[in-house]
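**Student:** The structure that follows is given in the form of structure tokens.
The values are calculated or read from the model by the stated rules, or taken from the named source; none is laboratory data. Since the structure is predicted, the reported quantities are computational estimates derived from the model, not experimental observations. Cβ sites come from the backbone with ideal geometry, for glycine too, and all protein chains shown count toward neighbours.
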Amino acid sequence: MLAAGVRAHWGIENGCHWILDVVFGEDGCRGREGHAPLNLAWVRRVALSVLKQDQSKDSILGKRQRAGWDNAFMEHLLSLLNLPSQMEDA
């Protein structure tokens, strides 16, 4: 039972935190004052969630780069967000 708990912890570490650090450079982020750390962490996690929702056969890093280069792909990713109706009207 203890080993299963350890494996579960490292599954989370490898599945989310490692990607956030390697792909998004979370550990090297310089935002340390005020609300910046929480806001930036939230934005990175939303971006990771949207990139994971995309079904194309590319890595998270590849999808992130493609979104920066291709406006149509970025619009596709943004369409995957489930925004409240109030924000869609704005």
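**Student:** Mind checking which residues of region 26-42 are surrounded by fewer than 11 Cβ atoms within 10 Å (Cβ to Cβ) and not hydrophobic (A, V, I, L, M, F, W, C)?
**Tutor:** Of everything in region 26-42, those that are surrounded by fewer than 11 Cβ atoms within 10 Å (Cβ to Cβ) and not hydrophobic (A, V, I, L, M, F, W, C) turn out to be Asp27, Gly28, Arg30, Arg32, Glu33, Gly34, His35.
**Student:** Can you find even one residue in region 46-65 that is within 20 Å of Ile19 (Cα to Cα), assigned to a loop (DSSP other than H, G, I, E, B), basic (Lys, Arg) and modelled with pLDDT of 90 or more?
**Tutor:** Let us first name the residues in region 46-65 that are within 20 Å of Ile19 (Cα to Cα), namely 46-65.
Those still in the list that are assigned to a loop (DSSP other than H, G, I, E, B) too: 54-59.
Filter once more, keeping what is basic (Lys, Arg): 57.
From what is left, the residues that are modelled with pLDDT of 90 or more are 57.
Yes, region 46-65 contains at least one residue that is within 20 Å of Ile19 (Cα to Cα), assigned to a loop (DSSP other than H, G, I, E, B), basic (Lys, Arg) and modelled with pLDDT of 90 or more.
**Student:** OK, next. Tell me which residues, restricted to region 24-58, are under 17 Å from Met74 (Cβ atoms) and among the small types (Gly, Ala, Ser).
**Tutor:** Within region 24-58, Ala47, Ser49, Ser56 meet the criteria.
**Student:** Can you go through Ala41, Ala36, Ala47, Ala67 and tell me which one is among the small types (Gly, Ala, Ser) and touching a helix residue (DSSP H, G or I) at 6+ places or on another chain (Cβ under 6 Å)? Show your work before the answer.
**Tutor:** Details: Ala41 fails: touching a helix residue (DSSP H, G or I) at 6+ places or on another chain (Cβ under 6 Å); Ala36 fails: touching a helix residue (DSSP H, G or I) at 6+ places or on another chain (Cβ under 6 Å); Ala47 fails: touching a helix residue (DSSP H, G or I) at 6+ places or on another chain (Cβ under 6 Å).
Going through Ala41, Ala36, Ala47, Ala67 in turn, just one is among the small types (Gly, Ala, Ser) and touching a helix residue (DSSP H, G or I) at 6+ places or on another chain (Cβ under 6 Å): Ala67.
**Student:** Would a scan of region 16-24 turn up a residue that is aromatic (Phe, Trp, Tyr), modelled with pLDDT of 90 or more and either in contact with a helix residue (DSSP H, G or I) (Cβ under 7 Å, 6 or more places away or on another chain) or not in a helix (DSSP H, G or I) (or both)? Steps first, answer last, please.
**Tutor:** Keep residues of region 16-24 that are aromatic (Phe, Trp, Tyr), which gives 18, 24.
Remaining after also requiring modelled with pLDDT of 90 or more: none.
The answer is no; no qualifying residue exists.
**Student:** Quick one: in region 43-54, which of the residues that are under 9 Å from the mean Cα position of the chain (by Cα) and within 15 Å of Gln65 (Cα to Cα) is surrounded by the most Cβ atoms within 10 Å (Cβ to Cβ)?
**Tutor:** Taking region 43-54 first, the residues under 9 Å from the mean Cα position of the chain (by Cα) are 43-52.
Going one step further and asking which of them are within 15 Å of Gln65 (Cα to Cα), we end up with 44, 47-48, 50-52.
On the way: Arg44: 18, Ala47: 18, Leu48: 17, Val50: 17, Leu51: 22, Lys52: 14.
Checking each candidate, the answer is Leu51.
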